[in-house]
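Structure first, commentary second.
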Amino acid sequence: MGSVKDLEIIMKPERDKMGIGRFHFSDRYSVFDWGEMPDHIFGKGAALCIVGAYCFERLEEKGIKTHYRGLVDSSGKVISFDELNRPTNIMEINLVNVYKPKTYVHEGKLYYDYSIFDPSLSNFLIPLEIIYRNGLPEGSSIFKRLEAGFLSLEELGLDHFPKPNERLQRPIFDISTKFEEFDRYISWKEAKKMVSLSDEEVEDMKDILLKVNDTITRMASRASLENEDGKIELAFDPSRSLMVVDVVGTLDECRFTFDGLPISKEILRKWYRHTEWYRDVEEAKRISRERGIKNWKKLCKSSPPKLYEELRKIISEMYLSAANSLVNRKIFDAPSLSEVIKRYLAIGGEMDAPS
């Protein structure tokens, strides 16, 4: 069970053989690494499932290997997107092994040992999140990293400090850790050493990311959306060939905008950034880093508040409407995306969070 989807294991993977599983996408959501939040977003799970399936099928048409096997209909049959006649929240996938780095504390700081990953290992999830950035929308982590000195303008290919909503002349490829207590941005050189990747494998990862970015950008453009940034996860199959795993192209994996307005999970993040709980989360994370405490949630002084009901309904419609637009088919009974956006702007949603 994850924070937003559950995994049903039909056949466990072996060391050199993939297994079979099914993702059950839920209406749960998570922000700021908290895990399950107090509300559910109606229809969100099915919307993510269907957009992800559509995107996987487009990637495979381009010759990109994925772990996707198909959607699961109400009778339990595995079908393709084109065979779908009503929404489903279940996707069948191939499973690989998941190895996590060992943790240890040294001089009050938490460290991770990645020595399990060596060049002979195959059939496993790569413990990284691979990120593309086509623009720098408000809320992008790039701004914090630049201000803190963790990133330089040269690395971004810029000759000036960027402004929110600035478009990039060429996409930036970023990497962060996946199984650490906090997502940590690292360089491609560090990633190569951490997971024992060859030069060729690193270049293949970048090539796959470029094709995924292009596929999602085309889908978004047809829906009148800007594909600002997004993430993918990769795995090695039993022959140590790369394949795209987890889910791609959805409002949770990507940051889409419509005339600068976020049409993604970022709209939830914006609302919660105005709460006392968010400030408590940031303080708890700071203390845990300084003291080497693994579970930062135990340090948080408060729990997340529920969304206002009207905002929750609008966000639900946003997921459903965006899904219809991204797959170019009316799967869900939902108003047009432009109508949903008008309602959202009318209530000034993200500014109404309790302090």
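The values are calculated or read from the model by the stated rules, or taken from the named source; none is laboratory data. If you're wondering where the values come from, they're calculated on a predicted model, not measured in any experiment. Cβ atoms come from the backbone with ideal geometry, glycine included; neighbour counts cover every protein chain shown.
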Extreme residue, farthest from residue 181 (Cα to Cα), among residues of the stretch 106-163 that are in a loop (DSSP other than H, G, I, E, B) and of a type in the set (D, E, K, R):
159
Which of the residues spanning the stretch 290-306 are in contact with a Leu (Cβ under 8 Å, 6 or more places away or on another chain) and either free of Cβ contacts under 8 Å to residues at least 60 places away in the same chain or on the phi < 0 side of the Ramachandran plot (or both)?
293, 294
Quickly run through the stretch 297-338 and pick out the residues that are of a type in the set (S, T, N, Q), outside any helix (DSSP H, G or I) and surrounded by 19 or more Cβ atoms within 10 Å (Cβ to Cβ).
none
Could we say that residue 294 is surrounded by fewer than 16 Cβ atoms within 10 Å (Cβ to Cβ), touching a strand residue (DSSP E or B) at 6+ places or on another chain (Cβ under 8 Å) and not in a strand (DSSP E or B) here?
yes
Selected residue [modelled with pLDDT of 95 or more, of a type in the set (D, E, K, R) and assigned to a strand (DSSP E or B)] from 233, 201, 228
233
Across (1) buried (at least 16 other Cβ atoms within 10 Å of the Cβ); (2) of a type in the set (Asp, Glu); (3) under 25 Å from residue 59 (Cα atoms), residue 180 clears everything bar (3)
Does the stretch 14-29 contain any residue that is touching a helix residue (DSSP H, G or I) at 6+ places or on another chain (Cβ under 6 Å) and closer than 25 Å to residue 237 by Cα?
yes
Among 45, 21, 52, the single one that is closer than 28 Å to residue 211 by Cα, assigned to a helix (DSSP H, G or I) and touching an Asp or Glu at 6+ places or on another chain (Cβ under 7 Å) is 45
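A quick yes/no check of all residues on (1) surrounded by fewer than 16 Cβ atoms within 10 Å (Cβ to Cβ); (2) within 26 Å of residue 264 (Cα to Cα); (3) aliphatic (A, V, I, L, M):
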residue	(1), (2), (3)
50	no, yes, yes
58	no, yes, no
70	no, yes, no
74	yes, no, no
81	no, yes, no
87	no, yes, no
93	no, yes, yes
101	no, no, no
Would you mention how many residues in the stretch 114-142 are under 16 Å from residue 175 (Cα atoms), surrounded by fewer than 19 Cβ atoms within 10 Å (Cβ to Cβ) and free of Cβ contacts under 8 Å to residues at least 40 places away in the same chain?
0
